[in-house]
Amino acid sequence: MLVRLAAGPVMVMGLGLAEDTYPLQEPPVETPLAVETISVAKGVTTTRTVDGKVMRHTADVVRWREWDRTFTDDALGGIVRYRMKRDEIATKVNGEESKTDGPLAGKIALGRKTGAGNRTFSLSERTAVGDQVDELVAMASIENRNWLPNRHVKIGETWEFTPQFVRAALRRDVPNSVAVGLAELVDVKKLPDGSREALVKLVIRGGGEAAKGPNNVVGAEGLISGNLTVNLERPGELVLRLNGTLVSEAQVGDADSIARVPITLRFESKPLK
């Protein structure tokens, strides 16, 4: 059997069989990137029942974020810098609309390596407070992602990954929530500019339950699916599209509450010019 590793397809030949494999890998840490995300939660419902009385609220939430990601090397594994160019949140709650800056608007977040090899983030000029703490955890989940297997893959092959951004969302309500993702390479096509684009199908499931005290139980679950497109010639050029629903439930004494969040997410990164 002869295996040839190269930037292009790998031909594995033996006994008259041949199949193409393709390199699916996260970009090198030093790759500068421009990142844009938009998340849309339309038709969010929160239902609370107390002593048989039901209260129901509806909301729409749209969030836009843009940042430049750069890297500076040092003896401790280097520093990743996220310079936030946009962080806006538009909400509509029970018919009333508002638009505000997000917790990281105008901020610079710095990611440093931990002993475990992942990165944790802090603000460059001050200590994070309030919602900024959760947002920095979310940034770390993006930076520490492992959506791609960092090896050659053939069409139809699957692999598991940890969707840390989904797990982080669930853990806001249930700290011990888990999330598992399954990915499958379904196609590779040539684009008009001659580069190749891989299409990866994604399915993510997660959930958990925790008792916070007597008659105080919380739970969360989610099912999200979509796809990821990856340019095989330009490291860091990818688009993630996901749709699904996150549900959280809580029981405190005689009061019950359920929040159902339909969510659409788009994440796009490309080499920074």
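Coordinate-derived values only; no laboratory data. Here the structure is a predicted model, which means the values were calculated and not measured. Ideal geometry is used to build each Cβ from the backbone, glycine not excepted, and the neighbour counts take in all protein chains shown.
In a Gaussian network model over the chain where Cα atoms closer than 10 Å are linked, find which of V50, V188, V217 has the largest mean-square fluctuation.
In this elastic network of the chain, the residue with the biggest mean-square fluctuation among V50, V188, V217 is V50.
Once you list every other residue whose beta carbon is under 9 Å from the beta carbon of G102, what net charge do they have if Lys and Arg are +1 and Asp and Glu are -1?
Neighbourhood net charge equals -2.
Fewest to most neighbouring Cβ within 10 Å: what's the order for Y22, Y82?
So the residues, fewest neighbours to most, are Y22, Y82.
Only one of the listed values, [x] 72, 46, 39; [y] 70, 46, 42; [z] 61, 37, 29, was derived from the coordinates as Cα extents along the principal axes in Å; which label is it?
The value matching this structure is [x].
Between T229 and K85, what length comes free when the chain is fully extended (0.36 nm per residue of separation minus the Cα-Cα distance, one decimal in nm)?
Contour length minus Cα-Cα distance gives 49.4 nm.
For R112, what charge total do you get from the other residues with a beta carbon under 11 Å from its beta carbon, if Lys and Arg give +1 and Asp and Glu give -1?
Numbers: positive: R81, K113, R119; negative: D74, E143.
Spelling it out: positives minus negatives among the neighbours equals +1.
Treating the angle as unsigned and between 0 and 90°, give the value, to the nearest 10°, between the Cα long axis of helix 131-143 and the longest Cα principal axis of the chain.
20
Considering the chain as a Gaussian network with a 10 Å cut-off on Cα pairs, which listed residue, A211, A116, A220, attains the greatest mean-square fluctuation?
Of A211, A116, A220, the Gaussian network model singles out A116 as fluctuating most.
Can you tally the lysine pairs in the chain where the Cα-Cα distance is under 27 Å and the two residues are eight or more apart, or on different chains?
Within the chain, the lysine pair count is 29.
Can you give the FRET efficiency for Q25 and T70, using 1/(1 + (r/R0)^6), R0 = 25 Å, r = Cβ-Cβ distance, to the nearest 0.05? Let's see the in-between values first.
Working: r = 20 Å, r/R0 = 0.80.
Given R0 = 25 Å and the Cβ-Cβ separation, E is 0.80.
Measure off 7 Å from each Cα along the Cα-to-Cβ vector at V217 and R126, then give the distance between these two points in nanometres to one decimal.
Result for the modelled spin labels: 4.2 nm.
Let me check I've understood the local charge: for K201, count other residues with C-beta under 13 angstrom from its C-beta, Lys and Arg +1, Asp and Glu -1. What total comes out?
So the surrounding residues net to -2.
Estimate the FRET efficiency between D134 and R112 by the formula 1/(1 + (r/R0)^6), using the beta-carbon distance for r and 22 Å for R0, to the nearest 0.05.
Using R0 = 22 Å, I get an efficiency of 0.75.
Arranged by the count of other C-beta atoms within 10 angstrom, fewest first, what order do L240, L182, L104 take?
Least crowded to most crowded, the residues run L182, L240, L104.
Give the distance, in whole Å, between the Cα centre of the stretch 165-198 and the Cα centre of the stretch 201-222.
20
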